[in-house]
Amino acid sequence: GKNIKAVDVSPAERGRKNDGEGPAYRSRFTARFAYDSFDPNAPTIIVVSLQDGQEIRFDADLSKVK
């Protein structure tokens, strides 16, 4: 395994109330990575670290990104 950190992360937008099922609030941010620092064909897990110390993990298939 290899950990790759973002080279730039935008501030998160102010959280909005989420209607329906799922989390009570949602927010959006952008993270940029140096393309030459990872293999887009390798199995990838994106980890988001929250302010309260929790982590959210997403499986991602970056080979499909064009």
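Across the accessible surface of the chain, with the other protein chains kept in place and a 1.4 Å probe, carbon and sulfur atoms take up 51 percent.
Along its principal axes, the stretch 1-41 has C-alpha extents of 39, 21, 14 angstrom, given from the largest down.
The number of Lys pairs in the chain with C-alpha atoms less than 23 Å apart, excluding pairs fewer than 8 positions apart on the same chain, is 4. For the stretch 1-61, GluC sites (Glu not before Pro) meeting the loop criterion (DSSP other than H, G, I, E, B) and having at most 12 other Cβ atoms within 10 Å: GLU13, GLU21.
Rounded to the nearest 20 Debye, what is the dipole magnitude of the chain about its Cα centre when Lys and Arg each give +1 and Asp and Glu each give -1 at the C-beta?
On the way: 11 positive and 10 negative charges, 43 e Å.
The calculation lands at about 200 debye.
Solvent-accessible surface of the chain, averaged per residue with a 1.4 angstrom probe and all protein chains in place: 96 square angstrom.
The values are calculated or read from the model by the stated rules, or taken from the named source; none is laboratory data. In this text the structure is predicted, and so the values were computed from the model without any measurement. Neighbour counts are summed over all protein chains in view; Cβ atoms, including those assigned to glycine, are modelled from backbone coordinates with ideal geometry. To get the accessible areas, we keep the full protein, side chains included, count just its heavy atoms, and leave off ligands, DNA and RNA. Shrake-Rupley method; radii C 1.70, N 1.55, O 1.52, S 1.80 Å.
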